[in-house]
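Input: a single structure, listed below in structure tokens.
The values are calculated or read from the model by the stated rules, or taken from the named source; none is laboratory data. Everything numeric in this text was worked out from a predicted model, so none of it was measured. Quick reminder, even Gly has a Cβ in these numbers, built from the backbone with ideal geometry, and neighbours come from all protein chains shown.
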Amino acid sequence: MAHYPLAEPSASTKSFVNRPRSTRVNAAVPIILSGRDASGQAFRDEAHTVRASLHGALLQTPRQLLVGMRMTTESPRTGMTKKAICVRGDEPRPGVAVYTVDRV
């Protein structure tokens, strides 16, 4: 898994830092991700949550997100936006990738 330039290395997956701060709930909610990718190109993609909590979400998106990448999440239903940062990415399956994004 590649890292976004200038990003801090993530802590061990077994560390206290990576434990959830709130209860996670399985929820498939459509969202819009926007920001700039590793090459500096602007993007705006449809995605959806797999699990969500008060402090972040597990997202399913076709875009490869890099650890440290900053973006904005938007609810198409309410128009609410939140700043976010990718804190972990799992190896993508063909055509589908699952990434953990935590609000900043």
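Figure legend. Inter-residue proximity from segment 74-88: first residues free of Cβ contacts under 8 Å to residues at least 60 places away in the same chain, second residues assigned to a loop (DSSP other than H, G, I, E, B), beta-carbon distance below 8 Å, spacing 6+ or different chains. Indicated pairs: Glu74/Met80; Ser75/Val29; Thr81/Ser75; Lys83/Val104; Ala84/Val104; Ile85/Gly68; Ile85/Met69; Ile85/Val104. The strands (runs of 3 or more DSSP E) located wholly in segment 25-78 include none with 2 or more residues which are in contact with a Phe, Trp or Tyr (Cβ under 6 Å, 6 or more places away or on another chain) and closer than 12 Å to Thr100 by Cα.
For Tyr99, the criteria (1) of a type in the set (Phe, Trp, Tyr); (2) buried (at least 17 other Cβ atoms within 10 Å of the Cβ); (3) modelled with pLDDT of 80 or more hold in every case but one, which is (3). Screening Gln60 against (1) within 19 Å of Val87 (Cα to Cα); (2) out of contact with any His (no Cβ under 8 Å at 6 or more places or on another chain) leaves a single unmet condition, (2).
Of all residues in segment 20-57, those that are basic (Lys, Arg) and closer than 17 Å to Lys83 by Cα total 2.
Within segment 69-96, the set of residues being over 12 Å from the mean Cα position of the chain (by Cα) and at pLDDT below 90 comprises Glu91, Pro92, Arg93, Pro94, Gly95, Val96.
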